[in-house]
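The next block holds one structure in the form of structure tokens; read it before the comments.
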Amino acid sequence: MAVTKKFIIDFDSTFTQVEALDILGEISLNGDPKKEEKLQAIKDITDQGMEGNLTFRESLERRIDLLNATKPQISDLIASLRNKVSKSFQRNKEFFQDNADDIYIISNGFKDFIIPIVAEYGIKEENVFANEFVYDENENIIDFNRDNLLSKNNGKPETIKRLNLEGDIYVIGDGYTDYEIKASGVANKFYAFTENVNRPKVRAKADHVAPSLDEILYVNKMNKKFSYPKSRINVLLLENVHPIGVELMKQEGYNVEVVSSALSEEELAEKIKSVSILGIRSKTQVTKKVLENANRLMAIGAFCIGTNQIDLETCQEKGIAVFNAPFSNTRSVVEMAIAEIIFLRRKLFDKSVNMHQGVWDKSATGSFEVRGKKLGIIGYGNIGAQLSVLAENLGMDVYYYDVLEKLALGNATKVDSLDELLETCDIISLHVDGRKENHLLLDRERIQKMKKGALLINLSRGHVVEIPALRDALESGHLAGAGIDVFPSEPKNNDEPFESELLNLPNTILTPHIGGSTSEAQVNIAKFVPGKIMEYINTGNTYNSVNFPNIQLPFLQDAHRLIHIHLNEPGVMAKINQILANHQINIVGQYLKTNEKIGYVITDIDKAYSTDVIDELKNISGTIRFRMLY
């Protein structure tokens, strides 16, 4: 018969993300002229007690005295705490409900606010051991029950001894008083819970450091919801990914590392070995050499539109899903294109530079309105199409060229060839992707085909324009100006110098790849990309992946989900189903999509599976990657 496991869980900054008395202080001291001073004192006293530098009884007395709280304010505290339950506890609510008899809350906090919170997770009131406030006739908190064991030093070990529990006792907490339970000999193991607060002194005493409850359930083989603890999923985010994206990944429970710049191929090839999720922007090159070392990598998030910096084919071969943000910065790029068109038609940039040098050049020579001018858009995707609408609203005549058949918006005119567009339009704006076919799309010959006095805007990819030819066209006056945001070679970070043959040319606006760099765009991207990655990790959904067949499914309830990525060859699905049939496993749902290279199949089954099933599915010929979700 298996030994019963009893879990002793602390409340403050373990079950919840915060210290409840700190929050009570925010409520009770509202309006007090010394509020900030008192709140800091309460926090300092809490920390000293948690680290073992102050006896618990003294810590409690001093905090109660500072709080000056009332019974009605406890209701406000409870309402606040409901929103502050630790994220991994929220994720694993079923664990508490399924094991209610074996879970105990033993806290130096107070039953008054603890019981209402933990009861919502199925924890029994009789399994909650904590302090109790003492109120006067006006419902002011004037003291605590001094006879309660938990108001005294070493109260937690003494409480457990009196419970006389059978089985192994595991303690989960973040403070020194939690470690004292193990030190007193009444518990088998102490897990230092670091999801909310990481106290080095407590961590050093732990049998196991647990960044989340997922980790504890995983090592105890009790995790029914997630097949792998999220705290063991290493995320590497490069190139100053917006803090919202970083925070979303951390909130999900991942172990997140942030690097402000891009990494070289050699640096990334070494770093990638332990990474499960990689987040990049436009400068990081995820090459075949890098991916050869990426044996744990499940997904790459490009926090931008382009993905040409990623070897998508090798990612497919290794079963790595790639996601980008195809719509999130569209408006930002379009607004910049419109602004540059107006600036260049009026020669505002050069005039501003002259003014800063003390030169007053009031002249209309070479200065024109954009109304009535012909704008040629190369690439009529999300950005090109929206530029078309805004430019038409400014009174421009819009023409566009795209290799795919695209429906014209408004009064835009589709032309049949790139040469026709170049020869017809006063302004050319590039909005193409990074595919190899677009390399030097505007070479010397095509730049010479542009109308004399035309403008060129490139906010797309650096390698689509032949830079020496553009320089010559600007110097000779064949082109009247250019706005260039992207370059064949760009600095990896802001500390590296920028070099280009386009420096100091007339009526030429050079910007450091900032077409999508607005606060709004970066926030949108920072929300969109992590959302798609987390959906893929949690459900297997590949919707919006740029290199995987797209499947979109709901979160699965009461079943197990198996994901099989394989080479697109005949018979794989039949082999999967035969293995499941051989083990008498019923399929609840099954979803298959393929592209020219790979097949992606999701199978939902209604019963537990053995390791033999997993081994057999992994060993099917052509298997690239196999994953169990829950």
Worksheet item: Got at least one residue in segment 67-86 being part of a helix (DSSP H, G or I), at pLDDT below 90 and in the same structural domain as Glu132 (by TED's automatic domain parsing)?
Response: yes
Worksheet entry | Residue check, Gln73 of a type outside the set (Lys, Arg), more than 21 Å from Tyr191 (Cα to Cα) and crowded, with 16+ Cβ neighbours inside 10 Å | yes
Discussion item. Conditions first: (1) part of a helix (DSSP H, G or I); (2) free of Cβ contacts under 8 Å to residues at least 24 places away in the same chain. Phe498 passes all but one, so which condition is the exception?
Written reply: (1)
Worksheet item: If you take the residues of segment 379-433 that are in a helix (DSSP H, G or I), of a type in the set (S, T, N, Q) and in contact with a helix residue (DSSP H, G or I) (Cβ under 8 Å, 6 or more places away or on another chain), which of them is modelled with the lowest pLDDT?
Response: Asn382
Discussion item. Tell me whether segment 372-386 contains one or more residues that are in contact (Cβ under 8 Å) with a residue 12 or more places away in the chain, surrounded by fewer than 14 Cβ atoms within 10 Å (Cβ to Cβ) and over 34 Å from the mean Cα position of the chain (by Cα).
Written reply: yes
Fill in: Residue selected from segment 349-404 under the condition out of contact with any Lys or Arg (no Cβ under 8 Å at 6 or more places or on another chain) and among the acidic types (Asp, Glu), by the criterion nearest to Cys425 (Cα to Cα)
Glu392
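Please state which one of Ser460, Ser489, Ser476 is exposed (fewer than 13 other Cβ atoms within 10 Å of the Cβ) and either in contact (Cβ under 8 Å) with a residue 60 or more places away in the chain or over 30 Å from Glu239 (Cα atoms) (or both).
On the way: Ser460 fails: exposed (fewer than 13 other Cβ atoms within 10 Å of the Cβ); Ser489 fails: either in contact (Cβ under 8 Å) with a residue 60 or more places away in the chain or over 30 Å from Glu239 (Cα atoms) (or both).
Only one candidate passes the filter, namely Ser476.
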Worksheet item: Looking only at segment 1-43, which residues are assigned to a loop (DSSP other than H, G, I, E, B) and surrounded by 15 or more Cβ atoms within 10 Å (Cβ to Cβ)?
Response: Asp10, Gln17, Val18, Glu19, Leu29
Worksheet item: All but one of (1) crowded, with 17+ Cβ neighbours inside 10 Å; (2) within 22 Å of Thr14 (Cβ to Cβ) hold for Gln48; which doesn't?
Response: (1)
Response to the item:
Of those in segment 108-148 that are more than 12 Å from Phe11 (Cα to Cα) and among the aromatic types (Phe, Trp, Tyr), the residue modelled with the lowest pLDDT is Phe144
Worksheet item: Checking Gly52 against (1) in contact with an Asp or Glu (Cβ under 9 Å, 6 or more places away or on another chain); (2) assigned to a helix (DSSP H, G or I); (3) among the small types (Gly, Ala, Ser), which single condition isn't satisfied?
Response: (2)
Item to complete: Output yes when any residue across segment 604-618 is in contact with a Lys or Arg (Cβ under 8 Å, 6 or more places away or on another chain) and farther than 23 Å from Tyr218 by Cα, and no when none is.
Response: no
Worksheet item: Of (1) among the aliphatic types (A, V, I, L, M); (2) closer than 20 Å to Gly462 by Cβ; (3) not in a loop (DSSP other than H, G, I, E, B), Val486 satisfies all except one. Which?
Response: (3)
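How many residues does segment 444-474 hold that are assigned to a helix (DSSP H, G or I) and either among the basic types (Lys, Arg) or at positive phi (or both)? It would help to see each step written out before you state the result.
To start, the set of residues in segment 444-474 that are assigned to a helix (DSSP H, G or I) comprises 444-449, 462-464, 467-474.
Right, trim to either among the basic types (Lys, Arg) or at positive phi (or both) and you get 444, 446, 449, 471.
So the answer is 4.
So how many residues does segment 1-43 have that are basic (Lys, Arg) and in contact (Cβ under 8 Å) with a residue 24 or more places away in the chain? Lay out the reasoning, then the answer.
First, pick out the residues of segment 1-43 that are basic (Lys, Arg): 5-6, 34-35, 38, 43.
Of the ones still in play, those that are also in contact (Cβ under 8 Å) with a residue 24 or more places away in the chain are 5-6, 38, 43.
Within segment 1-43, residues that are basic (Lys, Arg) and in contact (Cβ under 8 Å) with a residue 24 or more places away in the chain number 4.
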Discussion item. Among (1) within 25 Å of Phe56 (Cα to Cα); (2) surrounded by 20 or more Cβ atoms within 10 Å (Cβ to Cβ); (3) in contact (Cβ under 8 Å) with a residue 24 or more places away in the chain; (4) of a type outside the set (Ser, Thr, Tyr), there is one condition Lys230 misses while meeting the rest; what is its number?
Written reply: (1)
Discussion item. Anything in segment 44-93 that is at positive phi and over 38 Å from the mean Cα position of the chain (by Cα)? List them, or say none.
Written reply: Asn68
Item to complete: Confirm whether Pro530 is surrounded by 14 or more Cβ atoms within 10 Å (Cβ to Cβ), at pLDDT 90 or above and closer than 21 Å to Asp214 by Cα.
Response: yes
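Yes/no matrix, rows are residues, columns are (1) surrounded by fewer than 23 Cβ atoms within 10 Å (Cβ to Cβ); (2) in a helix (DSSP H, G or I); (3) β-branched (Val, Ile, Thr):
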residue	(1), (2), (3)
Ala206	yes, no, no
Asn223	yes, no, no
Glu239	yes, no, no
Met249	no, yes, no
Glu257	yes, no, no
Leu263	yes, no, no
Glu266	yes, yes, no
Gly279	no, no, no
Lys289	yes, yes, no
Worksheet entry | Asn220 vs. criteria modelled with pLDDT under 95 and within 24 Å of Tyr176 (Cβ to Cβ) | yes
Worksheet item: Considering Ala325, Ala339, Ala364, which residue is assigned to a helix (DSSP H, G or I) and either within 28 Å of Leu387 (Cα to Cα) or among the charged types (D, E, K, R) (or both)?
Response: Ala339
Response to the item:
Within segment 570-603, the residues that are surrounded by fewer than 18 Cβ atoms within 10 Å (Cβ to Cβ) and assigned to a strand (DSSP E or B) are Ile587, Val588, Gly589, Gln590, Tyr591, Leu592, Lys593, Thr594
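The values are calculated or read from the model by the stated rules, or taken from the named source; none is laboratory data. Just so we're clear, the structure is a prediction, and the values are computed from it rather than from any experiment. So basically every Cβ, Gly included, is an ideal-geometry build from the backbone, and we count neighbours across all protein chains shown.
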